[in-house]
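Just below is one structure, and these are the notes that go with it.
The values are calculated or read from the model by the stated rules, or taken from the named source; none is laboratory data. What you see is a predicted model, and the numbers here were worked out from it, not measured in a lab. Note that each Cβ is placed from the backbone with ideal geometry, even for glycine, and that neighbours are counted across all protein chains shown.
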Amino acid sequence: MFNADRSIDLFEASIQKCLLFSGTGLVTHGTRYGLIEPPKHYKPLHSTIRLSKVTTIDFSPFEVPAFLAGCSDGCIRLHTTSVQFPVMQWNESTNGQSVTALRWSLTRPNVFFVLDATGCIYIWDLLQNDLQPIAKESTLSDQVLSMAIFGEPEKDNGLMGLALARSSGKVEIQYIKKKWAKPQPKDKDRFSLLLL
């Protein structure tokens with residue numbers, strides 16, 4: 001039976017591992033077969049369970065075993081898969097609006113995109129500012145309901161964009177500025193240090 005308060009997502013690197021997220025604010029680590037590697041749960045930084053629920057997860061497309069979790073209260077968490085608590089957590093990063101989608105850049109490990117319930121898109125670059133988004137785009141009409149990221153990460157051309165599904169049924173393509181899409185020297189090394 002499908003429960004709207006629970007979702008499951010598979011690790012990109014292995015179909016044997018999965019994450020289950022639900023209305024408790026916890027993300028549970030599971031496996032298809034065999035024993036579960038610790039940690040069993042991924043929790044927010046504070047000691048009590050939040051009343052908010054995890055609404056979306058996106059895995060790092062890079063060699064780093066990490067994922068982003070977005071919550072119904074606007075909280076965003078950056079987790080490594082080996083530690084129970086997040087490396088970084090931003091409370092009410094969307095002014096309290098529920099996070100409906102998170103998409104990691106395909107070319108830069110420090111950059112990710114957040115969509116909130118009002119249709120605002122936030123761009124984060126953790127090397128430029130690790131406290132708040134570096135850009136925000138609001139849409140007053142024809143709200144953005146969903147977004148997907150596309151590009152050619154194997155090419156060094158910096159071509160990347162977002163496909164935005166609008167409430168009118170239209171799909172809009174927006175290309176990401178080269179400064180946020182083109183890989184920078186030592187990006188991966190700097191991101192790895194951030195996760196320590």
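Odds and ends about this structure:
- Condition check for Leu193: part of a helix (DSSP H, G or I) and without any contact (Cβ under 8 Å) to a residue 40 or more places away in the chain: yes
- Close contacts from region 65-93, counting a first residue that is farther than 20 Å from Phe191 by Cα and a second that is surrounded by fewer than 17 Cβ atoms within 10 Å (Cβ to Cβ) and of a type outside the set (A, V, I, L, M, F, W, C), with Cβ to Cβ under 7 Å and a gap of 6+ residues or different chains, come to Asp73/Glu92; Asp73/Gly96; Gly74/Glu92; Gly74/Asn95; Gly74/Gly96; Cys75/Asn91; Cys75/Glu92.
- Flag for Gly25 being crowded, with 20+ Cβ neighbours inside 10 Å, modelled with pLDDT under 65 and part of a loop (DSSP other than H, G, I, E, B): yes
- Hey, Ile121 among the aliphatic types (A, V, I, L, M) and surrounded by fewer than 23 Cβ atoms within 10 Å (Cβ to Cβ) or not: yes
- Ala181 touching a strand residue (DSSP E or B) at 6+ places or on another chain (Cβ under 8 Å), within 16 Å of Trp104 (Cβ to Cβ) and without any contact (Cβ under 8 Å) to a residue 40 or more places away in the chain: no
- Qualifying residue in region 91-102 (condition: under 15 Å from the mean Cα position of the chain (by Cα) and within 19 Å of Ser192 (Cα to Cα)): no
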